[in-house]
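Below: one structure in structure tokens.
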Amino acid sequence: MPRLVVVSNRLADPRKTAAGGLAVALRQALEASGGLWFGWSGRITENGTPGEGEVTRQQAGAVQLVTVDLSREDHNSYYERYSNGVLWPVFHYRLDLADFDANGIAGYRRVNQMFAHKLKALLRPDDLIWVHDYHLIPLAAELRAMGCTQRMGFFLHIPLPPPLMLAALPEHDWLVRSLFAYDLVGLQSETDVTHLTRYAAAELGAEAAGAHGWRAFGKTLQVRAFPIGIDVDEFQALAKGRDAQDMYEQLRRDYARRRLLVGVERLDYSKGLPQRLKTFRTLLQNYPENQGSATLIQIASPSRESVDAYAALRTELESLSGAINSEYGELDWMPLRYIHRNVARKRLPGMYRAAAVALVTPLRDGMNLVAKEYVASQDPQDPGVLVLSRFAGAAEQMAEALLVNPYDTARTAEAIQRALQMPLAERQQRHQALLARIRTHDVHWWRESFLNALQQIQTSEDKA
Ligand code: GDG
């Protein structure tokens with residue numbers, strides 16, 4: 001195998017055991033090829049010059065970690081204003097939340113150029129380059145402009161919106177054109193693939209070229225779905241650990257006479273949290289037998305707090321959870337435990353296992369790994385039920401979950417009620433089918449399928 005070069009905005013330190021499945025999977029591939037992982041260091045230099053950043057090199061076993069610092073101005077424009085203030089909302093179908101006037105695009109291009117420049121100096125002719133996520137869409141185009149002909153693949157972790165919505169981005173043409181500098185673009189779902197290829201045909205005049213191939217302005221690109229998975233074995237091992245067991249036993253004790261529901265995510269407007277809390281209130285209202293019993297533990301870990309839309313969401317959630325608890329709470333029971341803090345990863349499987357129902361109801365999500373983690377954590381003899389939004393990429397693979405429209409609070413509440421009352425045999429059947437699928441399509445399968453597809457593409461003579 002050629003040397004693998006992974007580029008992502010942030011690096012997960014592969015030496016830390018708290019790293020998640022994705023970091024573990026990438027580390028294994030990087031170790032096997034003596035690879036290089038390149039990205040932002042996480043450091044911001046207050047008075048740094050835009051477009052310049054100090055490079056740090058570290059060795060972690062067989063893997064070389066190379067990171068670049070960002071100036072305050074670059075961080076602000078590339079990361080906050082453009083990546084998180086424009087691309088994230090548009091790609092999650094939230095044109096209303098995108099700040100198109102924030103002028104981050106110049107910084108976005110500048111940082112991609114700087115990364116390309118620094119990375120080029122480290123590349124070998126036969127490297128395999130794998131770029132991750134929306135922060136770095138134009139990276140390959142910048143590398144090609146500098147004469148790099150290595151094979152390059154890109155994986156988008158977030159959804160790709162329908163063509164007309166993508167076209168709302170002032171820079172849509174430039175952005176999608178720059179994807180054609182890659183040899184392979186991987187997306188989370190078939191829906192995303194359809195959106196990108198329809199956009200390319202309609203807006204760029206691209207034509208189909210063989211299986212998965214699209215050709216425009218003399219360049220050929222393969223576009224395919226590679227739904228990301230979790231490391232099922234690693235997660236199940238975590239579930240057997242002391243921390244997860246303690247969490248499980250404590251929750252089972254505390255809620256022995258009650259039904260536990262759980263939701264876990266970063267506090268983000270794509271995750272449908274206000275709708276979820278309203279749905280939970282509807283459940284208590286429409287099915288009053290749940291009063292005094294059903295308890296939702298909602299973890300919303302802090303995320304991107306400097307972006308305005310996130311601060312507003314936080315206020316809305318605090319007010320909603322206060323209202324639900326004061327309306328329905330009893331002296332000995334509070335319906336909602338809303339926690340705006342990070343929970344240790346080692347404890348998560350215990351919490352998942354103790355919950356009769358998981359609510360994974362994003363308004364739009366690339367994949368959603370929590371849905372898969374919940375399934376992996378269950379006791380196959382007595383599994384809980386997954387209530388999953390049809391708008392999560394995971395829904396394409398997880399049809400045995402109860403699929404819901406999170407905007408429809410009454411019917412989602414009905415689905416939750418059904419989940420709470422589901423007979424054991426049906427729960428077992430659904431869980432067995434889901435577990436089998438997330439096992440075959442785990443994170444290792446994802447990595448290997450992407451890298452095999454990339455390696456099989458002929459070298460990129462038409463790219464430079
Ligand atoms: C992007 C895409 C796609 C959450 N809260 C805590 C915590 N988490 C962990 C979960 C899970 C991960 O974070 C979240 O993964 P998701 O897939 O749900 O969502 P994003 O962060 O938005 O990720 C998404 C993913 O990329 C991969 O391609 O699936 O669609 O948006 O692992 O367990 N972990 C800990 N404490 C928390 O409080 N320790």
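Could you identify the single residue in Asn76, Asn112, Asn84 that is of a type in the set (S, T, N, Q), assigned by TED's automatic domain parsing to the domain that holds Asp192 and in contact with a Pro (Cβ under 8 Å, 6 or more places away or on another chain)? It would help to see each step written out before you state the result.
Numbers: Asn76 fails: in contact with a Pro (Cβ under 8 Å, 6 or more places away or on another chain); Asn84 fails: in contact with a Pro (Cβ under 8 Å, 6 or more places away or on another chain).
Being of a type in the set (S, T, N, Q), assigned by TED's automatic domain parsing to the domain that holds Asp192 and in contact with a Pro (Cβ under 8 Å, 6 or more places away or on another chain) holds for just one of Asn76, Asn112, Asn84, which is Asn112.
Can you confirm whether segment 298-315 contains a residue that is assigned by TED's automatic domain parsing to the domain that holds Thr412, in a loop (DSSP other than H, G, I, E, B), among the charged types (D, E, K, R) and more than 24 Å from Arg411 (Cβ to Cβ)?
yes
Restricting the first residue to segment 399-424 and requiring it to be free of Cβ contacts under 8 Å to residues at least 40 places away in the same chain and under 15 Å from Asn290 (Cα atoms), which pairs with a second residue that is surrounded by 15 or more Cβ atoms within 10 Å (Cβ to Cβ) and of a type outside the set (D, E, K, R) meet a Cβ separation below 6 Å and a spacing of at least six or different chains?
Listed by first residue and then by second, the contacts come to Ala415/Val387; Ala415/Leu402; Ala415/Val404; Met422/Val385.
Looking at (1) more than 9 Å from the ligand (Cβ to nearest atom); (2) closer than 27 Å to Thr315 by Cβ, which one does Ala376 not meet, given that it meets all the others?
(2)
What number goes with the only condition from (1) of a type outside the set (D, E, K, R); (2) under 22 Å from the mean Cα position of the chain (by Cα); (3) within 15 Å of the ligand (Cβ to nearest atom) that Ala355 does not pass?
Unmet condition: (2).
Rundown of residues vs (1) within 24 Å of Trp130 (Cβ to Cβ); (2) assigned to a loop (DSSP other than H, G, I, E, B); (3) outside the structural domain of Val90 (by TED's automatic domain parsing), yes/no style:
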site	(1), (2), (3)
Leu169	no, yes, no
Tyr182	yes, yes, no
Ala201	no, no, no
Trp214	yes, no, no
Thr220	yes, no, no
Arg224	yes, no, no
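Considering only segment 267-279, I want to know if a residue exists there that is farther than 20 Å from Pro362 by Cα, assigned by TED's automatic domain parsing to the domain that holds Arg345 and either out of contact with any Asp or Glu (no Cβ under 9 Å at 6 or more places or on another chain) or of a type in the set (D, E, K, R) (or both).
no
Right, here's the next one. When you go through Arg177, Arg151, Arg110, Arg124 one by one, which is the residue that is under 18 Å from Val66 (Cβ atoms) and charged (D, E, K, R)?
Only one candidate passes the filter, namely Arg124.
Still on this structure: Return the residues of segment 328-348 that are assigned to a loop (DSSP other than H, G, I, E, B) and more than 8 Å from the ligand (Cβ to nearest atom); say none if nothing qualifies.
Hits for segment 328-348 are Gly329, Leu331, Asp332, Met334, Pro335, His340.
Of all residues in segment 261-280 being surrounded by fewer than 21 Cβ atoms within 10 Å (Cβ to Cβ) and not in a loop (DSSP other than H, G, I, E, B), which is farthest from the ligand (Cβ to nearest atom)?
Lys278
Let me ask something additional. State all residues of segment 105-154 that are among the basic types (Lys, Arg) and either crowded, with 18+ Cβ neighbours inside 10 Å or in a helix (DSSP H, G or I) (or both); if no residue qualifies, say none.
Matches in segment 105-154: Arg109, Arg110, Lys118, Lys120, Arg144, Arg151.
Looking at (1) in contact (Cβ under 8 Å) with a residue 40 or more places away in the chain; (2) in contact with a strand residue (DSSP E or B) (Cβ under 6 Å, 6 or more places away or on another chain), find the lone condition where Ala244 falls short.
Going through (1) in contact (Cβ under 8 Å) with a residue 40 or more places away in the chain; (2) in contact with a strand residue (DSSP E or B) (Cβ under 6 Å, 6 or more places away or on another chain) one by one, Ala244 breaks only (2).
The values are calculated or read from the model by the stated rules, or taken from the named source; none is laboratory data. This is a predicted model, so every value here is computed, not measured. With ideal geometry, Cβ positions are generated from the backbone for all residues, glycine too; neighbour counts draw on all protein chains shown.
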